[in-house]
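All remarks here apply to the structure that follows.
The values are calculated or read from the model by the stated rules, or taken from the named source; none is laboratory data. Only a predicted model underlies this, so the values are computations on that prediction, with no experimental measurement involved. We place every Cβ from the backbone using ideal geometry, glycine too, and count neighbours over all the protein chains shown.
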Amino acid sequence: MLVILKRDDEEISRQAAQLVASAVRKKPALTLGLATGSTMVGVYKHLVALNKQGSLDFSRVVTFNLDEYLGLSAAHPQSFHYFMQEPYSRWNHPRQLRSVLRVL
């Protein structure tokens, strides 16, 4: 197990984004399970920045959200589907490669 210690949330978010970016560069059609909620906001912020700089391409990455609240529609402001529209809208990630797990 790899344990990485950093001073603060900013440093760990940057490091986590670099690990994800490295994996995407090695395998451009990588499948990522994306956690939602406030813990990951910093990581997504750094991934968006890398994409905007042109150093990371999400056009072939397949993603799925790991979480969702039972009974909330995708359009509900408190749903994780809604929450993830922010990072998705800022990187070059085609809608057809995004998935949200649904509990039936």
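Look through the stretch 12-53, keep the residues that are in a loop (DSSP other than H, G, I, E, B) and either under 12 Å from the mean Cα position of the chain (by Cα) or basic (Lys, Arg) (or both), and return whichever of them is farthest from Phe80 (Cα to Cα). Per the criteria, the residue is Lys27. Set side by side, the residues Asn51, Asn65 differ, and just one is at pLDDT 85 or above, surrounded by 13 or more Cβ atoms within 10 Å (Cβ to Cβ) and in contact with a helix residue (DSSP H, G or I) (Cβ under 9 Å, 6 or more places away or on another chain), which is Asn51.
With respect to Leu56, is the statement that it is modelled with pLDDT under 85, of a type outside the set (Ser, Thr, Tyr) and outside any helix (DSSP H, G or I) true? Taking the combined requirement at face value, the residue does not satisfy it. In the stretch 44-65, the residues that are over 12 Å from Arg25 (Cα atoms) and touching a residue at least 12 places away in the same chain (Cβ under 8 Å) form no Cβ pair under 9 Å with any partner that is among the charged types (D, E, K, R) and in a loop (DSSP other than H, G, I, E, B), whether six or more places apart or across chains.
Checked against the criteria, Leu2 counts as hydrophobic (A, V, I, L, M, F, W, C), at pLDDT below 90 and not in a helix (DSSP H, G or I).
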